[in-house]
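Have a look at the structure below before the remarks.
The values are calculated or read from the model by the stated rules, or taken from the named source; none is laboratory data. Here the structure is a predicted model, which means the values were calculated and not measured. FYI the Cβ positions are ideal-geometry reconstructions off the backbone, even for glycines, and counts take in every protein chain you see. What goes into the accessible areas is simple: the full protein's heavy atoms, side chains included, and nothing from ligands, DNA or RNA. Shrake-Rupley method; radii C 1.70, N 1.55, O 1.52, S 1.80 Å.
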Amino acid sequence: QGQLVESGGGLVQAGDSLTLSCVAHLPSFNTHTTGWFRQAPGKEREFVGATHWTGVTMYADSVKGRFTISRDNGKAALDLQMSGVKLEDTAVYYCAASRLSSISQFSSGAVDFWGPGTLVTVSS
């Protein structure tokens with residue numbers, strides 16, 4: 001069993017920055033691939049970015065260059081630093097973890113643990 005808890009969501013203006021945090025209560029966190037997904041109103045959940053326990057990261061094209069994932073294995077924590085946010089970044093953001101060892105296979109279907117989500121609303 002495991003648990004992920006996000007924090008840091010809220011209302012932010014377009015162009016500003018926001019950091020989401022996730023604390024993981026997982027056995028062997030250090031060997032999990034972790035990342036973020038988001039779900040906008042009326043849309044399907046989509047991949048945002050992921051980080052492998054080795055430090056390798058990958059991002060969706062829509063956030064590349066604007067969002068950064070950082071991971072602290074000692075604290076079993078994960079951050080999503082969002083900069084230059086856009087209206088289309090409005091969504092519920094979910095922290096996720098998978099036992100998969102391959103970051104390239106990190107998709108919603110491969111996630112073993114989900115956080116409850118935190119809402120980010122971007123205003124103009």
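Taking the criterion of being over 20 Å from ALA110 (Cα atoms) and surrounded by 22 or more Cβ atoms within 10 Å (Cβ to Cβ), the only residue of the stretch 1-42 that qualifies is LEU20. Residues in the stretch 1-39 that are assigned to a loop (DSSP other than H, G, I, E, B) and modelled with pLDDT of 95 or more: GLY8, GLY9, ALA14, GLY15, ASP16, SER17. The condition of being in contact with a Lys or Arg (Cβ under 8 Å, 6 or more places away or on another chain), over 22 Å from GLN13 (Cβ atoms) and of a type in the set (A, V, I, L, M) holds for only one of ALA91, ALA77, that being ALA77. Scanning the stretch 47-67 for residues that are under 20 Å from PRO116 (Cβ atoms) and either without any contact (Cβ under 8 Å) to a residue 60 or more places away in the chain or part of a loop (DSSP other than H, G, I, E, B) (or both) yields VAL48, GLY49, ALA50. Taking the stretch 72-94 as the range and being modelled with pLDDT of 95 or more, out of contact with any Ser or Thr (no Cβ under 7 Å at 6 or more places or on another chain), of a type outside the set (A, V, I, L, M) and assigned to a strand (DSSP E or B) as the test, only TYR94 passes. Of all residue pairs spaced 6 or more apart or on separate chains, those with beta-carbon atoms under 9 Å, a first member in the stretch 93-104 that is closer than 14 Å to THR54 by Cβ and a second member that is open to solvent by 50 Å² or more (accessible area, probe 1.4 Å) are LEU100/ASP112; SER101/THR31; SER101/TRP53; ILE103/THR54; ILE103/VAL56; ILE103/THR57; ILE103/MET58; SER104/MET58.
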